[in-house]
Structure formats: structure tokens, C-alpha cells
1. Just the residues that are among the small types (Gly, Ala, Ser) and modelled with pLDDT of 90 or more, please, taken from segment 71-87.
2. Just to check your reading of the model, which residue among Asp23, Asp68, Asp107 is part of a strand (DSSP E or B), outside the structural domain of Gln149 (by TED's automatic domain parsing) and at pLDDT below 90?
3. Look through Ala89, Ala78, Ala106, Ala82 and report the one residue that is surrounded by fewer than 21 Cβ atoms within 10 Å (Cβ to Cβ), touching a residue at least 40 places away in the same chain (Cβ under 8 Å) and farther than 14 Å from Pro12 by Cα.
4. Taking the conditions exactly as written (touching a strand residue (DSSP E or B) at 6+ places or on another chain (Cβ under 7 Å) and aliphatic (A, V, I, L, M)), does Val173 satisfy them or not?
5. Tally time: how many residues in segment 1-20 are of a type outside the set (Ser, Thr, Tyr), part of a strand (DSSP E or B) and under 11 Å from the mean Cα position of the chain (by Cα)?
6. Counting only residues that are buried (at least 21 other Cβ atoms within 10 Å of the Cβ) and either over 21 Å from Thr189 (Cα atoms) or of a type in the set (S, T, N, Q) (or both), how many does segment 109-118 have?
7. Need the failing condition index for Gly172 against (1) assigned to a loop (DSSP other than H, G, I, E, B); (2) surrounded by 15 or more Cβ atoms within 10 Å (Cβ to Cβ); (3) over 18 Å from the mean Cα position of the chain (by Cα), just the number.
8. With respect to Gly181, is the statement that it is surrounded by fewer than 19 Cβ atoms within 10 Å (Cβ to Cβ), of a type outside the set (D, E, K, R) and at pLDDT below 85 true?
Amino acid sequence: MIAYNSSGLIVPANGLVEVTEADYDPINADGPTLQLKVDRPTSDSAANIAINSWMPIPVGSTGLVTFDGPVLVDATGATFSAGGMLGSAEDSFIATEDQSGLVMLADMGDGSFLVDKAGGGGLKPKCLFYLSNDLTTSESSESATIEVQYGQGADHASLSITVLNMKTHTGGVYEFHGDAGDYGIASYTGVTGVWRIDIMECP
């Protein structure tokens, strides 16, 4: 997927990035063209993680990232353990031990590990969806429809889903909002038909 580097630093080859925004062009013969905005991960084991391609992304430029696996990731300094876990560390593009989100498959040398996304129960872990109805910051969930599924695993059979909004520190107030038809990216919760919103397009 196309990603814009908003970190102020060069994203290294096979580096971990965190998706911070998602925009799309609705006027496209093949459907909406999605562009992500990415930054250095802001926390350990961040949820909205993608992996850069083998080409570094210069500051303020676009490159290609993936949610899919198996894929190479920069894990310089980590000790390989087949089936062990890696994940993001705060303010680092390098995958780190004792975090979660990625499963180690093979040591490719020079600090690069072949990894896959963890979890999913054999089903794809990410999707591009659009809202069925308006979503406000006072709503904890809304109905939506899957348009594209991403990641390792089988497609989810039902495209009609419920997306969960993210809580904030203020009681009864949630992070995301959008109009019916607006697009976002969500992660599968493991419960059939229930997904957690990772990011919504800018209003």
C-alpha cells in the first residue's frame, strides 16, 4: 500500500511504521485509492503497524508498506527464536523482542527476520471498510462493510461487520467519527463479525 512518510526521518528498509492517518481518492475507475500516513511507532507493541518494503522512504516522500506476511523486518539486535514474538518499540523503526504483533519464522542474517502477523485464527487480520451509517464520537460502535481484506489467512465470509470505536480518557467520548460511506482500516478482534477501528480517513 502507498504510504507517506510524516516522521521527519528516513524510514529504513524493512522498518516498522505506525499508521496515523488514511486518505483516499474516491474518483478512481478501480475504486478508492488509499494512501496511508506513517510515522515512527509511538508505543511498545503498537496495534496499527505496517512494514516498509526493501526501499527506504525519504522524509516527506511516499513508499510502499504492507500489512501482509510473511515479510522481512529489520530486527537488528534481536535474538532469533522460531515462533517467538517481536513488536514495535516506542520511537523506533526496528522490531524488538518481548513485544507483540509479529511471529518470528526465520533468521535471514544481517539483522533481518522473516516474520508473519500474529493471531487471526486463520483469517485475515486487517480490512479496508466503509461505514454504513454516520459514526459520532459519542458512539462506541457502528455497522460497516468490508471492501478489501489484508494479511495472511482466509477471507472472512461475511462482509457486513461491526466496527468498534476507540475509547478516550473522557467518559462517553470516543476517538473516531465519520459520515456514511467514509473509509477506514480495522483489525479483527477474533470475534466473528467484530473489528476494531485502527484509523479513519480525515474528515
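1. If we filter segment 71-87 for residues that are among the small types (Gly, Ala, Ser), which is where we start, we get 75, 77-78, 81-84, 87.
Answer for segment 71-87, where residues must be among the small types (Gly, Ala, Ser) and modelled with pLDDT of 90 or more: Ala75, Gly77, Ala78.
2. Asp23
3. Working: Ala78 fails: touching a residue at least 40 places away in the same chain (Cβ under 8 Å); Ala106 fails: touching a residue at least 40 places away in the same chain (Cβ under 8 Å); Ala82 fails: touching a residue at least 40 places away in the same chain (Cβ under 8 Å).
That would be Ala89, the only listed residue that is surrounded by fewer than 21 Cβ atoms within 10 Å (Cβ to Cβ), touching a residue at least 40 places away in the same chain (Cβ under 8 Å) and farther than 14 Å from Pro12 by Cα.
4. Values: touching a strand residue (DSSP E or B) at 6+ places or on another chain (Cβ under 7 Å): no; aliphatic (A, V, I, L, M): yes.
So Val173 does not fit the description; no.
5. To start, the set of residues in segment 1-20 that are of a type outside the set (Ser, Thr, Tyr) comprises 1-3, 5, 8-19.
Going one step further and asking which of them are part of a strand (DSSP E or B), we end up with 2-3, 5, 11, 16-19.
Remaining after also requiring under 11 Å from the mean Cα position of the chain (by Cα): 16-19.
Residues in segment 1-20 being of a type outside the set (Ser, Thr, Tyr), part of a strand (DSSP E or B) and under 11 Å from the mean Cα position of the chain (by Cα): 4 in total.
6. Applying the first criterion (buried (at least 21 other Cβ atoms within 10 Å of the Cβ)) to segment 109-118 yields 113, 115, 117.
If we keep only those that are either over 21 Å from Thr189 (Cα atoms) or of a type in the set (S, T, N, Q) (or both) too, we end up with 113.
Result for segment 109-118: 1.
7. (2)
8. Numbers: surrounded by fewer than 19 Cβ atoms within 10 Å (Cβ to Cβ): yes; of a type outside the set (D, E, K, R): yes; at pLDDT below 85: no.
No; evaluated as a whole, the condition is false for this residue.
The values are calculated or read from the model by the stated rules, or taken from the named source; none is laboratory data. All values derive from a computational prediction rather than experimental measurement. Neighbour counts are summed over all protein chains in view; Cβ atoms, including those assigned to glycine, are modelled from backbone coordinates with ideal geometry.
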